[in-house]
Structure formats: structure tokens, C-alpha cells
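Visitor: Encoded as C-alpha cells, here's the structure I'll be asking about.
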Amino acid sequence: MAAADPRVAEFLTDDQVLPRFHVWTLGCQMNHSDSEEMAGALLAAGCAEAGSLDSADLVVINSCAIREAAEHKVIGRMGAIGRLKAANPALRVVLTGCSVRADDTVDLQRRYPQVDLFLRPDQEPELTQRLGLGTATSAGAMPDPTTLQRVGRSVAATADRLPGTRSAAVEEGTILRRGGAHAWLPIIYGCDKTCTYCIVPFSRGPERSRPFDDVIDEARTLAAAGVLDVTLLGQNVNSYGHDLAPDARFGDVQAARTLGRDLPLDGRPDMAALLRAIDGIRAEDGRPAIPRLRFVTSHPWDLSGRLIDAMAECDSVCEHLHLPVQAGDDAVLHRMGRQYTVDAYLQLVGRLRAAVPGIALTTDVIVGFCGETDAQFQQTLELLRTVRYDSVFAAAFSPRPGTPASRLPDDVPADVKRDRLNALLELQEDIGLERNQAWVGRQVDVLVDQVRPPRSHDHDLPGDPLAPRVAGRTRHNKLVHLDGGPALVGQFVRVVVDHAGPYALTGQRVGEAD
Ligand code: SAM
Ligand code: SF4
């Protein structure tokens, strides 16, 4: 084993045997992607993966802090982790992800006494070295901790290493991709936006785009590995490139932000250029080498006309967009710092639907934000009736310490938040069902990605309830269940939809996809 970093020698397992690790990931896709990178780095350092958290001697918790409930999931498990440590004194626990922010080490140690090592998201590449397992690769190179500086509203390492360490991990082939035919591809880290309720800009620092050519290289690597469905990732993918240097290849990018702060975007790569370049990676038959290209998450603020055109014109870009709206009332949106009005949002929806007919739209909504009246909440329901989303991810507002909204009164009582959430989910269930029923009788191509247990209920559905089942996604991101076994996982199959529920479709195989 490599010599331990003296600052963290106490974290080494006592017997110096390489630990068997378990990575427990909570929260968003970005965390899942980051965990693939950390798990890969641990494997590359010679560790093995434990079958479960209980059998591991190194537990890495990749936490989510977006709502209090997410943090409570981790806190709620700390007692059990403490008991595991008592039984296995060599057990080491690392906490990373959005619960770990600069400046709150004392508070973290008080809240999580079982944790041996805290890593902010931007410190994740240090994981193996800090544990004394350092494969001194470029991916593990550590800056001097004294070079931390305040960047915007948060603290980050001066030379933020995430773009560089990602590319090194791609080159070295150390990312433990768990998605089979699907892969995550991070393109931008952090968030510069002004949403008053959100902890992300504080935990993940300012927006930093990966260099254009690095993203294209990773896409080529994925294509060569036979990956069929790629999701470009970032808290704000639409603002990709604004922080990169101008480059003569992007002389045709003449854009300005229409919402929020003025930003010079001219001559820099943008999301549209990125989609076109990845779509331009072609297989021998001339079709896109990656047949399905997606991206999350899109802030309406940066959804440019160029991007909508690219979505319409690129064969591989799927007909689905997750476009968080958060609320359907201008005063609430203003207090949330979202920088758009309901009307501006609806205009974007109109442009998207005109450019990409039949596009599936999904969104995020927060109910019970500070000062939200019943009339303002009704406006959100009205917005849902107007847009008719394919699905909505809704949650009650949860004040996050340190965010601007934590200084506003959290004055919507918990039972009112719950009632509003239930009313919204009930309405959306009807809308989702109607949207899904429009697919019955149509043929869709499903990329199968999971084996499902045979149905134990819903015997009214067509087909044999005890037959083996698989499920996968359409280009419109519809979940489709069908009969079939594990051999179908990773395959495209042509399916005729014979039943719709509010959250998923079922269908029968009618052959191979084109
Ligand atoms: N960047 C994305 C965007 O522009 O909306 C969203 C990323 S955020 C990690 C995912 C979702 O969490 C948000 O869209 C919002 O609905 C929800 N969220 C964030 N902070 C929240 C809070 N304090 N309480 C409840 N929900 C919250
Ligand atoms: Fe949070 Fe807003 Fe940034 Fe999304 S855009 S991550 S909601 S601050």
C-alpha cells in the first residue's frame, strides 16, 4: 500500500489490509455519477467492493442536503453505523456530498460523531489519498489545503480539480459505471443561480464547465464501449460553456442571456454546440453512435433558442426535457429568485413544443414556500393544468440553514404543506394518466434496463402476471414494463403499448427496434 498522507494517518484501517468498501449514495444523478468515480478510484487503489454496508470496513456516504428529510436519512442510520464500528474497530466512515460544506466542520463533527473523514464534493478526488490508499495518479493529486479561497458564495479549492480529475479517470478507465447501456456524463459542476431556497450553490460552488474536447472524448469513449443512452449532467447544463475561454471554433455562437445577469457568451462553446458535436459522432452506418442523448437539469433562464434548435435538429437528442418550474405564481417565483415569470416560462414551453412536436415535459415543484398563499398555490395547479406535464416531482419546502430563504419566515404550516402536496399529486396523477393513455396502441422502442419481479398485483393487466418481467425507457422517458428475461437488458426492443397507468406503461414485444 502507498504511504499514508500523515494528516490522515489516523484514518488508516488498523490491520493495514485494504478495506472492502461500500458507497451509499443519496440524492440526485450528480451524486450517483460522483459515486461511480469514487468507487472506481477505490477499486483502482486495490480495494474490493463489499456486498453491503454491514459487511464493509470502509463506508463512503455520498449525502444529499437538498431537504432536511434527506439529511435525516443519514442521521437516522448513524446509530446503526456506530454499532457496526463498535463491533469492527477497523471500520472507517467517510461523509461527502452536499451535507459537507466549508466552514461547518465543528457542526459536522457534532452531528456525525461516527464519521472519520469529511470531504466536500470538490474534495472527492482526494478520497483514496486521504485514506492512505493513494494511487498517486493525476486523479488523486491533492492541492495544499491552505489554498482554499472564497469563490462567490462558497469556498472551493483554488485549482478546482473536478474537470481535470474526471478526464484523468476517463483516460485511465477507472470509472465504475453501473448503468449498463446507460451512462452519466458530467459536463458542468456547481451552480451560480440565485434560487433562495437551495443549498446547492453553497455546497457545490460556482459553475465550472468541463473543457469541450474532454466532454467529446468521454462521449467517444462511451460510444466505443457500446453505451446507447447518455445523460449529460449538471445542476445547470444549459449554462454550459459560459466560463470557458473563447475559441475560434465557436465564432458562430453569438448569444446573450435574456434573463438574469448579463454574461458574455460570444465565441464560447455552448450546450447547443455540445449536443451537435456529440450527435455528430457517427457509427459506420452513418447513424449517431450514441442513439439517445439526454441532459439534466435545465434552468429555464439559460434555455436558448440555439439550444431548442439543436434539440429539434439532432437525431440523437431525445424528445424529453426536464424543465423545473418550481411555482406557478410570479410573486412566489420572485421570492424564490428564479428570474423568470410564469408567462416567460409558458413561452418557452410553447417554443419547445413547436420545435419538438410531442416532446415530453417533466418538472420540479416546491409547495408551501415562504409566504405562499392558497391563491398562489392554486396558480401552481393552474400551471399544471395548462402545461400538462408528463410527470412532476413535487416536494414541500424545507428551509436549509445558510440559504437566503432561511431568513424568511417559514410560515406555511406543515399540515397545509402536506395538503397542498397531496392536492398537487392527485391532480398530476390524472394528468399523467391521460398523457400516458395517449400512448396506448402505439409502437415504441424501449431500451431495456432492468429485470422486474413478476407482478404480484394488478391482475387486470394484459398478459401472464407470473411471467418474468423487464422494464426500460422510451425516447420520451416513459417507463415501459414488458414480459421478458435478463437477456433483454441492454437491448432495444419494439413494443406495442397495451396499457397505461399514471406512472408507467405496459406493452408487448413486437420485434427488434430499427
Ligand atoms: N438545478 C435544478 C433547477 O434548476 O431547478 C434543480 C436541482 S435541485 C438539486 C432539485 C430540486 O430540489 C429543485 O428543482 C427543487 O424543486 C428541489 N429543492 C431544492 N431546494 C429545496 C428545498 N429547500 N425544499 C424543497 N425542495 C427543494
Ligand atoms: Fe438549486 Fe436553483 Fe441551482 Fe437548481 S438552479 S441547483 S434549484 S440554486
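Visitor: If you check every pair at least six apart or on different chains, which have Cβ atoms under 6 Å apart with a residue in region 490-514 that is within 19 Å of Asp229 (Cβ to Cβ) first and a residue that is assigned to a strand (DSSP E or B) and among the basic types (Lys, Arg) second?
Guide: These pairs meet every condition: Val493/Arg509; Val495/Arg509; Ala513/Arg494.
Visitor: Next question. Would you tally the residues in region 296-311 being crowded, with 22+ Cβ neighbours inside 10 Å, more than 16 Å from ligand 2 (Cβ to nearest atom) and of a type in the set (Asp, Glu)?
Guide: 0
Visitor: I need the full set of residues from region 207-226 which are touching a Leu at 6+ places or on another chain (Cβ under 9 Å) and within 16 Å of ligand 2 (Cβ to nearest atom), in order please.
Guide: Result: Arg208, Ser209.
Visitor: Find the residue count for region 126-139, including only residues that are modelled with pLDDT under 50 and surrounded by fewer than 23 Cβ atoms within 10 Å (Cβ to Cβ). Quick ask: steps written out before the conclusion?
Guide: Filtering region 126-139 for residues modelled with pLDDT under 50 gives 136-139.
Retained after the next criterion (residues that are surrounded by fewer than 23 Cβ atoms within 10 Å (Cβ to Cβ)): 136-138.
The qualifying residues number 3.
Visitor: Find all pairs meeting these conditions: Cβ atoms under 8 angstrom apart; at least six residues apart or on different chains; first residue within region 235-254 and part of a loop (DSSP other than H, G, I, E, B); second residue of a type in the set (A, V, I, L, M) and within 14 Å of ligand 2 (Cβ to nearest atom).
Guide: Gln235/Met30; Gln235/Ile188; Gln235/Val200; Asn236/Ile188; Tyr240/Ile188
Visitor: Could you tell me how many of the residues in region 176-205 are away from ligand 1 (no atom under 11 Å from the Cβ), buried (at least 22 other Cβ atoms within 10 Å of the Cβ) and either farther than 30 Å from Ala396 by Cβ or among the hydroxyl-bearing types (Ser, Thr, Tyr) (or both)?
Guide: Here the count works out to 4.
Visitor: Taking Ala344, is it within 16 Å of ligand 2 (Cβ to nearest atom) and over 20 Å from Asp213 (Cα atoms)?
Guide: Yes: the conditions hold for Ala344.
Visitor: Here is a further query. Please count how many residues of region 325-334 are touching a helix residue (DSSP H, G or I) at 6+ places or on another chain (Cβ under 8 Å) and within 15 Å of ligand 2 (Cβ to nearest atom). Steps first, please.
Guide: Keep residues of region 325-334 that are touching a helix residue (DSSP H, G or I) at 6+ places or on another chain (Cβ under 8 Å), which gives 325-333.
Now restrict to residues that are within 15 Å of ligand 2 (Cβ to nearest atom): 325-327, 332-333.
Counting residues in region 325-334 that are touching a helix residue (DSSP H, G or I) at 6+ places or on another chain (Cβ under 8 Å) and within 15 Å of ligand 2 (Cβ to nearest atom) gives 5.
Visitor: Being in contact with a strand residue (DSSP E or B) (Cβ under 9 Å, 6 or more places away or on another chain), surrounded by fewer than 15 Cβ atoms within 10 Å (Cβ to Cβ) and in a loop (DSSP other than H, G, I, E, B) is the filter here; which residues of region 385-433 pass it?
Guide: Selection gives Arg388 alone.
Visitor: Continuing with the same structure: Does any residue of region 431-453 turn out to be more than 24 Å from the chain's Cα centre (by Cα) and modelled with pLDDT under 95?
Guide: Checked against the condition, which is being more than 24 Å from the chain's Cα centre (by Cα) and modelled with pLDDT under 95, region 431-453 yields at least one hit.
Visitor: Quick check on this structure: which one of Arg166, Arg204 is away from ligand 2 (no atom under 14 Å from the Cβ), touching a helix residue (DSSP H, G or I) at 6+ places or on another chain (Cβ under 8 Å) and modelled with pLDDT under 95?
Guide: Just one listed residue meets the conditions, Arg166.
Visitor: Among the candidates Asp419, Asp410, Asp390, which residue alone is more than 21 Å from Gly358 (Cα to Cα), more than 11 Å from ligand 1 (Cβ to nearest atom) and charged (D, E, K, R)? Give the derivation first.
Guide: Details: Asp410 fails: more than 11 Å from ligand 1 (Cβ to nearest atom); Asp390 fails: more than 21 Å from Gly358 (Cα to Cα).
Asp419 is the lone residue from the list that is more than 21 Å from Gly358 (Cα to Cα), more than 11 Å from ligand 1 (Cβ to nearest atom) and charged (D, E, K, R).
Visitor: Name the residues in region 40-77 that are without any contact (Cβ under 8 Å) to a residue 12 or more places away in the chain and either within 16 Å of ligand 1 (Cβ to nearest atom) or in contact with a helix residue (DSSP H, G or I) (Cβ under 9 Å, 6 or more places away or on another chain) (or both), would you?
Guide: His72
Visitor: If you don't mind, another one. Among what's in region 357-376 and is charged (D, E, K, R) and within 14 Å of ligand 1 (Cβ to nearest atom), pick the residue that is nearest to Ala395 (Cα to Cα). Lay out the reasoning, then the answer.
Guide: Residues of region 357-376 charged (D, E, K, R): 364, 372, 374.
Filter again for within 14 Å of ligand 1 (Cβ to nearest atom), leaving 364, 372.
Numbers: Asp364: 8, Glu372: 14 Å.
If we take residues in region 357-376 being charged (D, E, K, R) and within 14 Å of ligand 1 (Cβ to nearest atom), then Asp364 is nearest to Ala395 (Cα to Cα).
Visitor: Oh, and also: Under the condition of being closer than 18 Å to Trp301 by Cβ and not basic (Lys, Arg), which residue from region 206-232 is nearest to ligand 1 (Cβ to nearest atom)?
Guide: Glu207
Visitor: Moving on to the next point. When you look at Leu185, is it in contact with a strand residue (DSSP E or B) (Cβ under 6 Å, 6 or more places away or on another chain) and within 16 Å of ligand 2 (Cβ to nearest atom), yes or no?
Guide: No.
Visitor: Going residue by residue through region 440-448, is there one that turns out to be over 30 Å from Cys314 (Cα atoms) and out of contact with any Asp or Glu (no Cβ under 8 Å at 6 or more places or on another chain)? Explain how you work it out, then say what you get.
Guide: Residues of region 440-448 over 30 Å from Cys314 (Cα atoms): none.
Taking every residue of region 440-448 in turn, none turns out to be over 30 Å from Cys314 (Cα atoms) and out of contact with any Asp or Glu (no Cβ under 8 Å at 6 or more places or on another chain).
Visitor: So which residues in region 51-82 are of a type in the set (Asp, Glu) and part of a loop (DSSP other than H, G, I, E, B)?
Guide: Passing the criteria: Asp54, Asp57.
Visitor: Run down Gln114, Gln123, Gln109 and say which single residue is farther than 24 Å from Gly234 by Cα, assigned to a helix (DSSP H, G or I) and either at pLDDT below 95 or not basic (Lys, Arg) (or both).
Guide: Gln109
The values are calculated or read from the model by the stated rules, or taken from the named source; none is laboratory data. Given the structure is predicted, the values throughout are model-derived calculations rather than measurements. FYI the Cβ positions are ideal-geometry reconstructions off the backbone, even for glycines, and counts take in every protein chain you see.
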